[in-house]
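The values are calculated or read from the model by the stated rules, or taken from the named source; none is laboratory data. All values derive from a computational prediction rather than experimental measurement. Every residue, glycine as well, gets a Cβ built from its backbone with ideal geometry; the counts of neighbours run over all protein chains shown. Accessible surface areas use protein heavy atoms only, side chains included; no ligands, DNA or RNA. Shrake-Rupley method; radii C 1.70, N 1.55, O 1.52, S 1.80 Å.
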Amino acid sequence: MGLLLTSFSFGPQQISFQEFKNKLLEPGLVGHIVVSNKSVGKVYVRNSPHNHTDSEVIQGTLPAKDSGGEYKYYFNIGSVEFFEEKLEEVQEALGIDPHDFVPVIYASKVVWYQELMIFAPTLILLVTLFYAGRIIQGRLGVGGGSHITKVDKNAKNKVYFKDVAGCDEAKQEIMEYVHFLKNPKKYEELGAKIPKGALLVGPPGTGKTLLAKATAGESGVPFLSISGSDFMEIFVGVGPSRVRNLFREARKSAPCIVFIDEIDAIGQARGRGGFSGAHDERESTLNQLLVEMDGFGTISGVVVLAGTNRPNNLDKALLRPGRFDRQITIDKPDIKGRDQIFQIHLKKIKLDHEPSYHSQRLAALTPGFSGADIANVCNEAALIAARSEGTQVTMKHFEAAIDRIIGGLEKRNLVISKLERRTVAYHESGHAVAGWFLEHADPLLKVTIVPRGTAALGFTQYVPNENLLMTKEQLFDMTCMTLGGRAAEQVLIGKISTGAQDDLEKVTKMTYAQVAVYGFSDKVGLLSFPPREDSSEMSKLYSSKTAAIIDEEVREWVNKAYVRTVQLIEEHKEQVAQMAELLLEKEVLHQDDLVLVLGERPFKPNEPTHYDRF
Ligand SMILES: Nc1ncnc2c1ncn2[C@@H]1O[C@H](COP(=O)(O)OP(=O)(O)OP(=O)(O)O)[C@@H](O)[C@H]1O
Ligand SMILES: [Zn+2]
């Protein structure tokens, strides 16, 4: 046990998994393992086997069996899942009772912090001193840039647009930045203003970071990246100073791209959530960011991109002109997009068939998967093949990998079942068909059943009518279109689902407005009671009798609209079904597809549309 007994060594030692198993696990010396960064397993070792002392049992923070230990060794793990499995296997093989399996803790920021608190109070002191030192350094203007800013100057790691599959629209939008970064002089001479920043908006794992990196690659400029959560530390003053450092470095490297991932962590609307302390820190970090963004002119050639999946939560100050005044949306890939993403990730894998053979099949098996999920499938399949001693990766391995990843996603409620998919397809088709055949509804652009984030399952996107004045007919048709989803479920599936909740809410609001605000109802008359911010009883302008009339009117109007919608869907039943099936196959339908199924829209557009860019 020579190597492992050198207790005078400084700091934790790296060991192999084999050594871990034979010399630590088997004799029962492992207290627990902390996995940090999904890549390192830190081993906390007990002084003697199975000997719990009171001080080892940490007050409620960890279960009693975690029982402390000292952080002495670490080893690299492959993937987290693989590691978990291997650890389990090994313990089973050693005949350890599953109840006594070594606890594994996954270190997030908080756990890491707790870990320090619990196991090494002295470390805290050291870390504090270290940071205090850094802050002072920062204040004095000594020292280099922020150590967590990743500047990737290694040409080998360069990413280009070809490495990002799908999201063509986003690529096109971001091209403008590429042109600018390649030739800032030209823009400067012409006096053209290029937006300083853009938000890349999309669900997790859809390639926001990848696209930002590719933009740097295409432009041939350095890529500086940092994650919003990196700004947030427990020590006051670190956030703002990191922002300063980041931008100091950016100005030095200009022209360049700065990418701030998870900008929500700092950019969340002020006055929301967070534990106190972290709150002020976030605010001052955000302020510093605003100052920096205002501070550099476009000429300095720094483009700031930021990733988020909740743009609505962001502080409005961030979205003002001259800051992140553009939004580039990246959606989850449709079946074609997934095919392309698979092709990219299959390149690195030894397959039993042509990549396109697999990619097509795999795309069909993975509705709702993000690019990151797909990368995961490929990696996992290769691991499974390796474990089963295969020499090539086959469809079987891929299927097993998909099952496994769906399992994980299901826990997060991100995958919809086949049956749900069908319901969603019929629901969305109902909206689309209703909109198509209602004269005053807005023409459709796109129908999709690709889930977006966790909330809406599918959606129909229509050209919103920009007329500020709406007629009663328009509002009635819009109501019917909004009810089209529910009506299709009822008529074609015979069962209704909760999928229409959002629609119904919209309909209720819209109808209430017509009855009680716009004076469209004869029974209520030409009175207007706009809803108020504080909806307490006191603030109601009308009597309970009027309230009863309003309620009754709203109910009657919605019913009338629903009857009309059901009738319309009945009339076009075949087309709804046809469209739903096409939707299940292609996941996204554009206007051309709609024309194919539904024929030309029987109405002339009211006005030339302003939406040529679609
Ligand atoms: N369009 C795509 N083409 C190819 N690979 C992709 C694509 N989208 C995602 N990936 C894969 O998924 C990985 C993770 O994507 P990335 O980190 O860019 O996602 P993200 O949108 O920034 O996620 P998050 O919101 O979680 O930060 C990428 O490194 C890449 O391997
Ligand atoms: Zn709907």
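Quick notes
- The share of accessible area on the range 291-390 that comes from carbon and sulfur is 50 percent, using a 1.4 angstrom probe.
- Sorted peptide list for 307-318, 480-491, criterion being average Cβ within 10 angstrom, highest first: 480-491, 307-318
- Filter on LYS171/LYS316; LYS23/LYS72; LYS336/LYS506 - keep pairs with C-alpha separation over 21 Å: LYS171/LYS316; LYS336/LYS506
- Averaged over residues, the count of other Cβ atoms within 10 Å places the peptides 257-267, 16-26 in the sequence 257-267, 16-26, highest first.
- For ARG46, distant residues with modelled amide H under 5 Å away: VAL30, GLY31, GLU70
- Packing rank of 221-230, 394-403, where each peptide gets the mean count of other beta carbons within 10 Å, highest leading: 221-230, 394-403
- Just so you know, the Rg over Rh for the range 169-267 is 0.99, from Cα atoms, with Rh as the Kirkwood radius.
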